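We did not get these values from a lab; they are worked out from the coordinates using the rules stated. None of the values given here were measured: they were computed from a predicted structure. No Cβ is skipped: glycine too gets one built from the backbone with ideal geometry, and neighbour counts run over all protein chains shown.
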Amino acid sequence: MPSDIKPIDPGTPFRDPHVSVSAEFNTQRHLAREVLGRRDEYTRAKQIRVKTGSWNVASCAGTEKDIKGWFVEGKGISSLHGGLPIGNKTNDEQVEDVPTQEARASKHESTIPINDAYHLPSNDEIDVYALGLQEIVDINSAAEALRPYNDSAPATRWKEAMAAALPEGYVLVAEQQCLGLLLLVYASPSIASTISSVSTTSVGTGLMGYMANKGAVAARLVLGQTTKMVFVNCHLAAGNDKASLERRNWDVSQIIQRTRFSPIDHGNGVMDELGDYIGEEDFAFWFGDLNYRLSDIPGDDVRRLLLLHTRNEYGQDDKTRQIIDRELKLKEDAKSKDVMAGGEAIEPSMDPASPLTTIASLMIHDQLHAQMRLRKAFHEGWQEGPIQFLPTYKYDIGSVGMFDSSEKRRSPSWCDRILYRTKKHYQYWRQQAKELEKVHKRDEEMKARGLEKENAEDIIFDYDPETDGDDGVGDDPTSHNNESNDTPVYQEVATDSVGSINLEYYVSHQRILSSDHKPLAAIFDIQYNAVDAELKSRIYQDVAKEIDRQENEGRPSVTAIFESQDLHEKPSDGCQFGDLRFFQEKTVLLTVANTSPVPATFEFVQRDGVPAIPLWMRLEIRNGPRNTGHNNFPDPITLQPGDSANIDVVAFVHQAEQLYQFNEGSTKPDAVLVMRVYKGRDHFIPVQANWLPSCFGLSIDRLIRIGKDGVRKQRLDRELDKEVVKSSAPRELFRLTESLEKGLSNIASDPARLEVMRQQNLGWPFVCRPIEEIARDDQSLSIREALDTGSPIELPNANSIEEIELLSETLVLFLSYMSGQIVPLQLWDILSVSLVELEKARRLPQDEQLRSHVLDVLSTSPPASISFTFITFMLSRFVTIMAPVDDALDSAGPLLMLSTPGVQDSILKRARGLSLRDDQRGTRKRQIETAYVERFMSLIFEMDDSLKGTRARKISFDMKKLVLEAFILNRKAE
Amino acid sequence: MAARVQTGNRPNAKFAQFKLVLLGESAVGKSSLVLRFVKDQFDDYRESTIGAAFLTQTITLDEQTTVKFEIWDTAGQERYKSLAPMYYRNANCAVVVYDITQASSLDKAKSWVKELQRQANENIIIALAGNKADLVTDHPDKRAVPTAEAEAYAKEAGLLFFETSAKTAENVKDLFTAIARKLPLEQAGPRGLRANPRAGVDLRPEPQAQGGGCNC
Ligand SMILES: Nc1nc2c(ncn2[C@@H]2O[C@H](COP(=O)(O)OP(=O)(O)O)[C@@H](O)[C@H]2O)c(=O)[nH]1
Ligand SMILES: [Mg+2]
């Protein structure tokens, strides 16, 4: 297939000018929505580990030096108080001991204990790292708080530290800073490539309710095109008093209300119209310095209670130990060495002396849990893992276990927290809230009717995730079903379509010394359904096809089928003519059927200035109206549903110009037709034919270079120019005239046939039938084919008369289509000038000498003179046979009347005189001669178009006649 | 040897063209029968037909006679039901298909036959095709319509009757050939004959003839 033909493109819609761009856009949206609806079919379960970390760095210098150790490598967990299962001490002996570590601590290097072999899943075992830092700048300085812009230097420092800490290739996918708050989300290379729709924002809730010294930074992203994740890093109002507590609750509600993410981009130019809120996500992680404290317990008691545990980190003679002991008023005796240390046999959580027991007893006072229970904050489905680590606040900087030893002796508390929520929990909460509202309403009504109030609280807290349809919870290591049911916060949710989350670790990094807060971290195992890009594209195509189908169902559409006349060939989408020869008509049947439920009108249209149907083709409706106008294709056709039209697609090369082009190879017989269905789509129909070169339409100069095997040996006509001259005159001309003479002799010997022949019309047999008759005549075709292939001319089905007719018709066609005449203008000019000279000198010779004079002049071009001889000799033979010499008139010879003044006039008269005399005598012979002369004049001589209608033309005509007559007429020499 | 060019013009050949419509419940195998007949293919997972499909197939009855079918394959779903008259209007023949493993599909076929006999061309040739015959060769218990029952009905209603399988091609060609033989072939004329032959352009000598058809 030539490169300029494009295959039928079923997808190209006909652009209806009434269909606006926005309609197209709507289709896009529709498509995206439909594809989304089939999400289950193209998503595959995926499991990743997400680590969230939170740390209030108290704007301490050097804190970023610890980030690699605890956040990326998972080190710095005290085996006693870090939240690990107690008793799982690994290589404890080799770890740098606390006093040494503290002594070494400086802000110039990492405070991580040396040889800390115990660590959490780390490095590339984590797929997503989300880090929330607070107080990366000093927010307590008014100058910082009121700064109108962020100082980016601290954030840059942290990013550099993270980049250096993370495994190679991890990508920062989201970042947001707001004064002291910094949120950084990193993802492994493979996960990062599936993250989209990242949006980050800040909400200030500090001074005057909106300043950024307190508040949150948040990020939203979409994982695997399906799973929306939200990370919130906050720093809530500080303070131990009730007002501060309420302010924290208010901060939370403000953050939830005011956080807005940008609309989700669904790809393919489809965006959600509205922004995104906290609550729309599949998984949310909320961490930071929430600042909730312990209530209803003297801070000093808490401090002292906890110091009892931390003192064990220090050796007997250690300064810190001594300070603690002094403060706790403990004697330095052997017994008191491990005051709180339990016996080996007791389960740590049951051991009244274990830190876990202390932690559990303190957690009862935790404000956050209390607020959650009271539905004042984080009640909307939020959960937290079990706290099995010491309060993260507040320590002396540089110390593992010394709680604030300053004047203030701030009460230790679990200020820093990591909460999380799944969509399922959130939805559950919302449903409960609705129920509750109903219950309240009913209460009101009952109250109004004076009835007893129902206990709504019971209803809302009836929910036990374990018994409410969730399975597989029991074996979860993070589930703490034995906890009292007043902490309904960290129950695991079983897998649903959204995905599932499993808290693996919730720990503090007790042995990080660079801030007055300990960092804390939680590691989650998350299962979600990620889009399989390949599956999705398949579904996308499916949906697009379906939408297309639905749209097309009500639109006009037609089916077009092409069938060649050869019944053995299968119908096809394109129009294939096969081999195409000069003057051979080939027809392909096109059937157009309206397969739509509405009337369909179609027509063939031009495209880019290319005619709708090339000149060498025509389209005709069978049994339909004739093509009107000058088109070679029909007017628009309307078909009712269930109707079809049969159209003949005809290829027929008969125009000289087209013939030259195909022979030249400058154009090829192929095309792409555009069949336009109104309000439907365009059909692009490739048309192809294989052109077989022809000796017709060539110039004499090329004809004489054709070998004896015919022109087909050449692929292109112009290749002939490189060939040597192979014959003195066109072989085809020789073969035709020779065959004609042979046929003529055959007839001459058959009196009956001869009689038939003589009764033919004047000019016979050098006449042509109508074009189409010739085109459909296999015998004519076989003559042309014989000429083109150099094979013998055989006409088994023709009698001798028909044979003559077919051959002579072919000869006329051959001469008609030849590029240039046998005697071109230039040669004729030479000849005519010489004749005029002779006439002037009154030496214009008679037939015999005239003939040799003419041949003399023509001999400057041998192919011309030989061709001329072939034809005129053959014609004279015809004249002889068709009209035998019958009377004396012929021997009278031409009359020459050269007495008139003008030479040209005299030639004119001479010619006219002959005609006049013939007319008078009315002999058939003369008539035949005249007919032949006139027939061949334009076939042999090139006519000068510029002379058209002038007297000169008439003279030229008469001179040509004179010359031809000299050759054709059988006048006896005087 | 003389050069011969095949032109496909066979002077004595007879050619007739007929409109054929397929009707029947959805999924009985109408499209599959057509696909088998036209392309000699079978597809286990075919998309169901939307609205209507159009195909053509030409068969040779004997050396002299070729019959071309213009086949309208309709969609079986109810929502396309109202369109059916457009397809059987002017139809010369119809194939009403049922699935021999689904008794209800024969009822549907019968209602189509009734509709055709009332509404369609009065000379319409109707064939009844009990399709999916292959399904019962190995599992005779799958058959829901006994051959005798359908045959008796076809006889009574004046229909051609075949049990076919688009899957194995059993009886498919025979079905269409039988229809072709019942069609009124005296209508047939030589293929390629044009109702309006173009007026020929005479090539007779006319010196300096320009433009138009031939440059003689
Ligand atoms: N076994 C078997 N299955 C068939 C045959 N004909 C069609 N089917 C199946 O039947 C289902 C419906 O065929 P289809 O041609 O679309 O039915 P239509 O709705 O009547 O056009 C397709 O899954 C075909 O593969 C058959 O002769 N034998
Ligand atoms: Mg179908």
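Observations on the structure shown:
- Spatially proximal lysines relative to A:K722 (Cα-Cα < 24 Å; intrachain offsets below 8 disregarded): A:K668, A:K708, A:K713
- Other-chain or far-sequence residues with amide H under 5 Å of A:G288's (modelled H): A:C234, A:R417
- 5 angstrom amide H check on B:K14, placed H, neighbours 5+ away: B:T65, B:T66
- Note on B:36-42: average number of Cβ atoms from other chains within 10 Å of each residue's Cβ is 1.
- In this structure, the amide hydrogen of B:A144, modeled 1.01 Å from its nitrogen in the peptide plane, lies closer than 5 angstrom to those of B:T101, B:Q102, counting only residues at least 5 positions away or on a different chain.
- Cα centre as origin, Lys/Arg/Asp/Glu Cβ charges: region A:700-817 dipole, Debye: 500 debye
- For peptides A:768-779, A:507-518, sequence by mean Cβ density within 10 Å, most packed first: A:507-518, A:768-779
- Shielding by partners, peptide B:49-59 (average Cβ within 10 angstrom, other chains): 6
- Shielding of peptide B:83-91 by partners, expressed as the average count of other chain Cβ atoms within 10 Å per residue Cβ, is 3.
- Whole-Hz couplings from phi, Karplus 6.51/-1.76/1.60, listed for region B:164-174; x for Gly and Pro: 10, 9, 5, 6, 9, 6, 3, 6, 6, 4, 4
- Peptide ranges A:355-361, A:688-694 listed from the most packed, as the mean C-beta count within 10 angstrom indicates: A:688-694, A:355-361
- Centroid-to-centroid separation of region A:762-799 and region B:32-52 [C-alpha atoms, Å]: 47 Å
- In terms of packing, defined here as the mean over residues of other Cβ atoms within 10 angstrom, the peptides A:153-166, A:289-302 line up highest first as A:289-302, A:153-166.
- With θ taken as phi - 60° and the Karplus curve 6.51 cos²θ - 1.76 cosθ + 1.60 applied, the whole-hertz 3J(HN,Hα) list for region A:503-520 is 7, 8, 9, 9, 9, 10, 9, 4, 9, 9, 10, 7, 10, 7, 10, 8, x, 9 Hz, x standing for glycine and proline.
- Prolate/oblate/rounded call for region A:700-817, Cα gyration tensor, a/c under 1.5 rounded: prolate
- Shape of region A:145-210, Cα gyration tensor, a/c cut at 1.5: oblate
- Size of electric dipole in region A:748-801: Cβ of Lys, Arg +1 and of Asp, Glu -1, about Cα centre, debye, nearest 20: 220 debye
- Shape call, region B:117-170: gyration tensor on alpha carbons, a/c limit 1.5: prolate
- Rounded to the nearest Hz, the phi-derived 3J(HN,Hα) couplings of region B:140-151 under the Karplus curve 6.51 cos²θ - 1.76 cosθ + 1.60 (θ = phi - 60°) are x, 5, 6, 5, 10, 10, x, 3, 4, 4, 5, 4, where x marks glycine and proline.
- Entries of A:K679/B:K132; A:K742/A:K925; A:K68/A:K536; A:K46/A:K68; B:K19/B:K142; A:K742/A:K960 with Cα pairs more than 32 Å apart: A:K679/B:K132; A:K68/A:K536; B:K19/B:K142
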